[in-house]
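Note sheet for the following structure.
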Amino acid sequence: MSEATGTVYTETVIHSATEAFAADVPYQTAIVSLDSGGRVTGRISGERVSIDDRVTRVEIRAGVPFFRKIA
Amino acid sequence: MRPVAVIGIGKTPFGAFHDRDLRSLAVEAGEKCLKNGHTAPTQVDAFFLGNFAGPSFAGQNHLAPYVSTALGIQGVPATRVEAACASSGSAFFHAYTGVASGVYDSVLVVGVEKMTCQPTPRVTEILAGAGDCAGEIKAGSTFASLFAMIARRHMYQFGTTREHLAAVAVKNHANGALNPDAQMRKVITMEQAMAGKPIADPLNLYDCSLISDGAAAVLLAPAERAGEFTGKPVRVLGIAQASDFVALDQKPDITTFPALRRASGKAYRMAGVGPADIQLAELHDCFTIAEIIAIEDLGFAPRGEGGPFTLAGHTARTGDKPINTSGGLKSKGHPVGATGVAQICDLVLQMRCEAGERQVPRHSLGLAQNLGGSGATCVVTILGTV
C-alpha cells in the first residue's frame, strides 16, 4: 500500500483565495483518502478530478502534497 | 444548578462602518443591553467577551477589560472567549454556567467583530486561521473552499442540488429584507442565487455570508430574580457546547457535524424537548450548505433531506419551522465574534413579540445554533417563555 496513491473523497475549484494563493486562481484542492490509510488535503495538478477518481502524488512542495489523476 | 434567564438584549446594526472601531461597537451593544435589562454597570458580577480575531483585525489584545472598563464595569472578572465563529456562543455558554452554578448573579456577555478595516484577501487569510494552518490552509484552502468540499460530498452522497443551496440564500435574504438592523436588506431571486460569481465550486457569492462589523450583547440573571429587571424574561431551558477536529480531513464523515449532534442532543435532553417541539430557530448559515446540514443534525429533517425540506418552504418565515427570521448570517451579516450572541438576541426579540414585520406567530420555544470553523466547536441553546 502506497501513501502516494489514493482516491478523491471530495474536491473544489477555488476562485477567490488569500493573498498568498491569489496568483494561482483558479486552482483545485481535494481531500484524498490514501491507500495507506488516513486522509490528506492536497492540490491537484493537471486535469480536474472528481469524487472517486484515482490519484497519485507527483510532488510535495513546501510540505503540500500535489496529486495528479491516474488515467 | 439553578434556572437562568436572559433579562436584557442589545445590538448594533450590522454592516460596514468605516468610522467605528471595535470598542465603540462593543460599548454601544453593551450599553443598550444594560439599559434594556434595567441594570447598572456596577451591578454586573462578571463580563465575558466573545471575539474571534480582534488582535489580527485591529491589532488590539487584552480585549475583555478593554471593553468592560469602557462600559463602566470595574474590578470584576473580564474574560475573552475565542472559538472562531462560535466565540460569543461559547462566551454565552460560559456565562450561563457561572449564573447557573450560583457563582454570579448578573453577567453581561458581549460579542463583537470589526472586520471591514482589512481588505478582503486579508480577511480571508485571518478567517483561515480558524482552520488547520499546518495542513488544509497551507494547501490553499479558504473557509469557503472547506464548506465547498462539504457541499460537494453532501451532493454526492444525498443528491443535494445547487437549487437546494440557492433556496437557503433566497429565503434568508427575504427575511433579512425585513430586518432594519441587517447588512444586506435585499430580496434575491432563485436565478440570481444560482448564477452568482463563483467563489469555490459549487459555492458562489450568494452561498457565502458577509464581511461585517457589529456587536451584540445579552444580560443573564437567575430566573427567580428575572422579574426584578424585566417584564419579559426568557429562560435558558437547555444549552450545551461540544468540540471536534479542527481539520476537515481528520473527520470520518464531513456531511455531518458531530459537535452539533452532541451539543443538540444534550440541549434537547436538558430542556426535555425534541426537534418537533422547536417553533423557530436561528441557525449558523455561514455558507448555505451549513444551514442544510444543521437542519439534518438538529433532527428537523432526516439526513440528506435538509435541501428538499428548505425548497419545500418548511423553513420560510411562513412555514411550519421558521429558520433565520433575522436574515441569518447570509443577509443580516456575520461579524464573526458577535454572531452567537446576536442569534440569542434575535430569538429573544421573537419570543418577546418585538420582531416587527418578521414576527412569527409561534414563538414560545426557540433554538440557536452557533458553529465554529468547519465544525470544531458548536453551541446549541434552547430558549423558552413557558
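Taken together, the values in this text are just the output of simple stated rules run on the coordinates, not laboratory data. For clarity, every value in this text was computed on a predicted model and none was experimentally measured. Positions of Cβ are backbone-derived with ideal geometry, glycine not excepted, and every protein chain shown enters the neighbour counts.
At-a-glance table
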| read-out | value |
| --- | --- |
| Set of lysines near B:Lys251 by C-alpha distance (under 25 Å), chain-local residues within fewer than 8 positions excluded | A:Lys69, B:Lys138, B:Lys266 |
| Chain B, relative contact order in percent, only Cα pairs under 8 angstrom and at least six apart counted | 26 |
| Residues whose placed amide H lies under 5 Å from that of A:Thr10, excluding near-sequence neighbours | A:Ile31 |
| Hull-based mean projected area of chain B, where the convex hull spans the alpha carbons, in square nanometres | 16.5 |
| Residue-by-residue Karplus 3J(HN,Hα) for the stretch B:120-128, coefficients 6.51, -1.76, 1.60, Hz, glycine and proline x | 3, x, 6, 4, 4, 5, 5, 4, 4 |
| Whichever lysines have a C-alpha closer than 28 Å to that of B:Lys171, once near sequence neighbours (fewer than 8 apart) are set aside | B:Lys11, B:Lys114, B:Lys186, B:Lys197, B:Lys321, B:Lys330, B:Lys332 |
| Value of [θ]222 nm, deg cm²/dmol, for the protein assembly as shown, DSSP H segments ≥ 4, -39500 (n - 2.57) each, nearest 500 | -8500 deg cm²/dmol |
| Sequence-separation-based contact order of the stretch B:13-171, relative, with Cα cut under 8 Å and 6+ spacing, percent | 25 |
| Span from the the stretch B:10-89 Cα centroid across to the the stretch A:25-67 one, whole angstrom | 42 |
| Distance-filtered residues of the stretch B:179-210 - backbone nitrogen under 15 Å, label point 7 angstrom along B:Ala16 Cα→Cβ | B:183-185, B:209-210 |
| Under Karplus coefficients 6.51, -1.76 and 1.60, residue-wise ³J(HN,Hα) of the stretch B:42-50 in Hz, glycine/proline x | 6, 8, 7, 8, 7, 10, 10, 10, x |
| Exposure proxy order (Cβ contacts within 10 Å, fewest to most) of B:Cys345, B:Cys378 | B:Cys345, B:Cys378 |
| Over the stretch A:7-71, relative contact order from alpha-carbon pairs under 8 Å, at least 6 apart, % | 31 |
| At q = 0.07 Å⁻¹, base-10 log of I(q)/I(0) for the protein assembly as shown (Debye sum, equal scatterers on each alpha carbon) | -0.33 |
| Fewest-first ranking of B:Met184, B:Met194, B:Met351, using other Cβ atoms within 10 Å as the exposure measure | B:Met194, B:Met184, B:Met351 |
| Long-range HN-HN contacts of B:Ser106 with modeled amide H, under 5 Å | B:Asp45, B:Ala46 |
| Residues A:Thr56, B:Thr288, sorted so that the one with the fewest Cβ neighbours within 10 Å comes first | A:Thr56, B:Thr288 |
| Stretch gain in nm, segment B:Ala195-B:Gln60, where the contour uses 0.36 nm per residue and the Cα spacing is subtracted | 44.7 nm |
| Cut-off under 5 Å, modelled amide H: who pairs with B:Val4 long-range | B:Ala223, B:Val236 |
| Local electrostatic count, B:Leu34, Cβ distance below 14 Å [Lys/Arg +1, Asp/Glu -1] | 0 |
| Proximal aspartates and glutamates to B:Lys232, defined as alpha-carbon separation beneath 17 angstrom and excluding residues fewer than eight positions away on the same chain | B:Glu224, B:Asp346, B:Glu354 |
| HN-Hα J in Hz across the stretch B:306-313 - Karplus 6.51, -1.76, 1.60, θ = phi - 60°, x for Gly and Pro | x, x, x, 4, 6, 4, 6, x |
